[in-house]
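The values are calculated or read from the model by the stated rules, or taken from the named source; none is laboratory data. As the structure is a computational prediction, the values presented were derived from the model and not from experiment. Don't worry about glycine lacking a Cβ; one is built from the backbone with ideal geometry, like all the others, and counts go over all protein chains shown. Just so you know, the surface numbers come from the protein's heavy atoms only, side chains and all, with ligands and any DNA or RNA stripped out. Shrake-Rupley method; radii C 1.70, N 1.55, O 1.52, S 1.80 Å.
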Amino acid sequence: MMGPAHSLSGAAAWVGVAVATALAGHPMPWPVLVAGTLICAGAALAPDLDQKSATISRAFGPPSKWLAGLIDKLSVAVYNATRGPRDRRRTGGHRTLTHTWLWAVLMGVGFSAAAIHWGRWAVLGILFVHMVLAVEGLLWRAARISSDIMVWLLGAATAWILAGILNQPGNGSEWLFPGQPYLWIGIPIVLGAMVHCVGDALTISGCPFLWPLKIKGRRWYPLGTPRFMRFRAGAWVESNVLMPGFMVATAAGGIAAVMLAA
């Protein structure tokens, strides 16, 4: 999938979580619904940090391009070191390490730990990174014609406002985990990465989501739908069916979550 579809699927997934938790008796305060939706939309771009041409790799200028190169090299090294007998040797790391369940979980745990250990400033940093990615993904048309500085300023302003609102009593900093402010912040990050992998599994190349589990002699087995159901990234089904569907699902789920929480 392309970046906009990934971000929209992340947003739809988080409002789905909001509906589910409300039905389970743990409704999200509206600031968690808004922040989580944007974080998940941004996190749904993150697995593509293994590709220098991806949206996330260009989002923060030279630092993100440098990090993308580093992640690519790491991914190649891990792939070739752990590949099964039927996995071909690779020189590029795209759709390997960062497209696995283990990477998604590690990212979520790491960001939650940072938020708990370093508090408000870590939360601001986490929000800023994901707000910038959410702008790049959800407002892709405007972001493409705007300058990077404008996108960063919008991300920074959104992060500052959301952090201030979330810190107010009853607004959700301790949602789901009383006494542990922002422990929940890793959940939309894990979910966004997982949704990204599911989206890639719909495309021709598939996604090795279950690594390091060996399947048919391969550690990096590309899971996916039946071949006849797959499509190329950027195909008409993505822009004309999936993206509108994610938009409708996000809007309907958000309304439902707010009503259930009321």
- Item | At 0.692 mPa s and 37 °C, Stokes D of the stretch 7-55 from Kirkwood alpha-carbon radius, µm² per second | 286 µm²/s
- Query: Along the positive direction of the dipole of the chain (beta-carbon charges: Lys, Arg +1; Asp, Glu -1; about the Cα centre), which of 2, 44, 164 reaches farthest?
  - Reply: 2
- Query: lysines near residue 52 by alpha-carbon distance under 24 Å, same-chain residues fewer than 8 away left out - which ones?
  - Reply: 65, 73
- Item | Overall Cα dimensions of the chain - principal axes, largest extent first, Å | 55, 40, 36
- Could you run the Karplus curve 6.51 cos²θ - 1.76 cosθ + 1.60 with θ = phi - 60° over the stretch 200-209 and give me ³J(HN,Hα) per residue in whole Hz, x for Gly and Pro? 5, 5, 7, 8, 4, 6, x, 8, x, 4
- Charge dipole magnitude, Cβ of K and R +1, D and E -1 - the stretch 74-201, Cα centre, debye nearest 20: 580 debye
- Enter the accessible area per residue of the stretch 163-240 (Å², integer; probe 1.4 Å; all protein chains in place). 50 Å²
- Kindly write out, for the stretch 165-177 in residue order, the coupling ³J(HN,Hα) from the Karplus curve 6.51 cos²θ - 1.76 cosθ + 1.60 (θ = phi - 60°), rounded to whole Hz, with x marking Gly and Pro. 5, 5, 6, 6, x, x, 9, x, 4, 10, 4, 6, 10
- Message: With +1 on the Cβ of every Lys and Arg and -1 on the Cβ of every Asp and Glu, and nothing else charged, how large is the dipole of the chain about its Cα centre, in debye rounded to the nearest 20?
- Response: 1240 debye
- When the Kirkwood radius is taken over all Cα pairs of the stretch 138-235, what Stokes-Einstein diffusion coefficient follows at 37 °C and 0.692 mPa s, in µm²/s? 191 µm²/s
- Sites matching trypsin sites (Lys or Arg not before Pro) across the stretch 114-215 that sit in DSSP coil, with at most 16 neighbouring C-beta atoms within 10 Å: 214
- Message: Per residue of the stretch 9-21, what does 6.51 cos²θ - 1.76 cosθ + 1.60 with θ = phi - 60° give for ³J(HN,Hα)? Whole Hz please, x for Gly and Pro, Karplus curve as stated.
- Response: 5, x, 4, 5, 5, 5, 5, x, 4, 4, 5, 5, 6
- Mean Cα-pair separation over length for the chain, i.e. relative contact order, pairs under 8 Å, 6 or more apart, %: 33 percent
- Query: Can you give the charge dipole size of the stretch 181-262 about its Cα centre, rounded to the nearest 20 debye, using +1 on the beta carbon of Lys and Arg and -1 on the beta carbon of Asp and Glu?
  - Reply: 540 debye
- Theoretical ellipticity at 222 nm over the chain - DSSP helices of four or more residues, -39500 (n - 2.57) apiece, nearest 500: -20000 deg cm²/dmol
- Of all accessible heavy-atom area on the chain, the percent that carbon and sulfur account for (1.4 Å): 70 percent
- Query: Any idea which of 236, 127, 255 is furthest toward the positive side of the dipole for the chain, if Lys and Arg beta-carbons carry +1 and Asp and Glu beta-carbons -1?
  - Reply: 236
- Which value, in Å³ per residue, describes the convex hull spanned by the Cα atoms of the stretch 221-262? 103 Å³
- Message: Report the per residue volume, in Å³, of the convex hull enclosing the C-alpha atoms of the stretch 70-112.
- Response: 72 Å³
